[in-house]
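These notes are about the structure you will find just below.
FYI, it's all coordinate maths here, none of it is from the lab. Just so it is clear, the structure is predicted and the values come from calculations on it, not from any experiment. Quick reminder, even Gly has a Cβ in these numbers, built from the backbone with ideal geometry, and neighbours come from all protein chains shown.
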Amino acid sequence: MAAIEKRGKNSYRLTVSCGYDTFGKNIYKKKTITLDENLTEKKSKEELQRQFILFKKQVESGKLMDGENILFADFINHWLANYAEREFAPSTLHVYKMRLHKRVIPALGHLKLTQIKPMHLLEFYDDKPDDFWEGGDDNDV
């Protein structure tokens with residue numbers, strides 16, 4: 001789904017669907033833009049379409065990472081798919097995935113990126129077993 005909604009005199013909300021979250025709920029990316037008051041009606045429509053197409057391309061290409069709305073778990077999955085899988089050896093990637101899915105996501109995955117504060121990380125480190133960073137038991141996820 002993609003939509004342009006007029007919100008005020010020169011304000012519009014752009015909405016683009018970008019798949020589903022881990023619970024099967026549709027994920028929407030939204031952006032509010034304000035157009036210059038001095039533009040003609042025709043120029044306003046052209047600029048609105050240009051902004052909308054640009055926003056839609058950013059969302060569809062995965063280049064839009066909105067820390068206000070993205071959950072840490074979703075960011076981890078994006079990082080795994082778009083970076084880790086091509087950069088790490090299979091054995092390293094396997095260990096990372098095990099630790100992320102077994103320990104990190106359950107502890108911090110429900111938080112939005114902008115919500116994560118140093119205190120969350122300190123609590124996470126304090127609650128982890130001593131063998132977490134050295135290898136630990138990664139056989140059961």
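Observations
- Estimated dipole of the stretch 18-103 in Debye, rounded to 20 [Cβ of Lys and Arg +1, of Asp and Glu -1, Cα centre]: 320 debye
- Rounded FRET efficiency, nearest 0.05, which uses the C-beta distance separating residue 41 from residue 61 and R0 of 22 Å: 0.10
- Computed across the stretch 1-127, the Kirkwood hydrodynamic radius from all distinct Cα-Cα pairs reaches 17.1 Å.
- Formal net charge of residues neighbouring residue 2 (Cβ-Cβ distance under 14 Å; K, R +1; D, E -1): +4
- In the stretch 1-104, GluC sites (Glu not before Pro) in a DSSP loop with at most 11 other beta-carbon atoms within 10 Å: 37, 68
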